[in-house]
Amino acid sequence: MFWSADPERPRIWLMLAPMLAVVFLLFGGGLFFALIQSFGYLPLIGQTEFSLAAYVTVLRQSSFLASLLLTLYIATTSTVIATALAVTAALAIRATTRGRQALSFIFQFNLPIPHLVGAVAMADLLSQSGLLARLAAAFGLIDDPGQFPVLVFDRAGVGIIAEYVWKETAFIGVTVLAVLHAIGPEYEELARSLGANRWQRFRLVLLPLMLPGVLAASVIAFAFSFGAFEAPYLLGASYPQVLPVLAYKRYTAVDLAARAEAMALCVIITLVAGAAIVAYLHVSRRYLRREAD
């Protein structure tokens, strides 16, 4: 706590204060206004009474369940694939003795590229008029680019998942690389001297040490994928649509009364993302407590 006997604690809180103020004002303020509007408080259109009508309307719509399941499916699938690729790539880079810095740079080069640019690139690459379809036709794998599998604007969200995996693998991989660098080679060398093979060193030494960092990066990637708008808007099918796109369409509807439904969807997205973070904290604490025992 701020009044702890630790003399360093007040200084740490003071250093964090500017960042916490920005987070509180931007996120907390936005969440507060979204919450009151989701309860129907919209003075601009004469609605000043609080109610749950927007939530009832949203939850009764058949499109909501389809959108919720699609959003969970895309966020979970992309996070699992990206985490597996990131851990594999980080371990491979760590094991490299020559050119490690160059490999790390290539691995991270897409981090500053916006998701919007990545989504356009995926459309150019994976669509039936894209590069892969034309190459497949040129090499005789298919007779016409139109025969190429539908990988964007599809109900399975393949293009969206591919874009998230492309971006999240680098994000999670950077975290894993930092964790592996902090661990150092001493534990593995000790396990090797005791006769552990490569798989045993990974499963019994490296994995437990880097799991908290991997879980932290993964839950951030999941929360982002669950609430992201750009890629699903550009690469998704017209039905079902992920929850953020559904909220955007409600918010931009001609009928201003639909804004309460848009805000209700935003609050639901926030609750699900928050639940993922709480689950991560619960799992992490149980893991750390078990390791301490």
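The values are calculated or read from the model by the stated rules, or taken from the named source; none is laboratory data. All values derive from a computational prediction rather than experimental measurement. Cβ atoms come from the backbone with ideal geometry, glycine included; neighbour counts cover every protein chain shown. Note: areas computed on protein heavy atoms with side chains; ligands, DNA, RNA excluded. Shrake-Rupley method; radii C 1.70, N 1.55, O 1.52, S 1.80 Å.
Of the residues 245, 214, which single one is of a type in the set (Val, Ile, Thr), under 24 Å from residue 120 (Cα atoms) and under 23 Å from the mean Cα position of the chain (by Cα)?
Details: 214 fails: under 24 Å from residue 120 (Cα atoms).
Going through 245, 214 in turn, just one is of a type in the set (Val, Ile, Thr), under 24 Å from residue 120 (Cα atoms) and under 23 Å from the mean Cα position of the chain (by Cα): 245.
Among the listed residues 251, 164, identify the single one that is touching a residue at least 60 places away in the same chain (Cβ under 8 Å) and closer than 30 Å to residue 116 by Cβ.
Every option except 164 fails the conditions.
Out of curiosity, is residue 180 under 30 Å from residue 238 (Cα atoms) and crowded, with 18+ Cβ neighbours inside 10 Å?
No; evaluated as a whole, the condition is false for this residue.
Answer yes or no: is there a residue in region 99-114 that is more than 30 Å from residue 75 (Cβ to Cβ), of a type in the set (A, V, I, L, M, F, W, C) and either open to solvent by less than 70 Å² (accessible area, probe 1.4 Å) or free of Cβ contacts under 8 Å to residues at least 40 places away in the same chain (or both).
Yes, region 99-114 contains a residue that is more than 30 Å from residue 75 (Cβ to Cβ), of a type in the set (A, V, I, L, M, F, W, C) and either open to solvent by less than 70 Å² (accessible area, probe 1.4 Å) or free of Cβ contacts under 8 Å to residues at least 40 places away in the same chain (or both).
With in contact with a Pro (Cβ under 9 Å, 6 or more places away or on another chain) and assigned to a helix (DSSP H, G or I) as the only criterion, which of 172, 269 stands out?
Exactly one of 172, 269 is in contact with a Pro (Cβ under 9 Å, 6 or more places away or on another chain) and assigned to a helix (DSSP H, G or I), namely 269.
What are the residues in region 20-49 that are at pLDDT below 90 and either part of a loop (DSSP other than H, G, I, E, B) or over 27 Å from the mean Cα position of the chain (by Cα) (or both), if any?
40, 41, 42, 43, 44, 45, 46, 47, 48, 49
For region 196-216, name all the residues that are part of a loop (DSSP other than H, G, I, E, B) and either among the hydroxyl-bearing types (Ser, Thr, Tyr) or open to solvent by 60 Å² or more (accessible area, probe 1.4 Å) (or both). Explain how you work it out, then say what you get.
At the first step, the residues of region 196-216 found to be part of a loop (DSSP other than H, G, I, E, B) are 196-197.
Scanning region 196-216 gives a single hit, 197.
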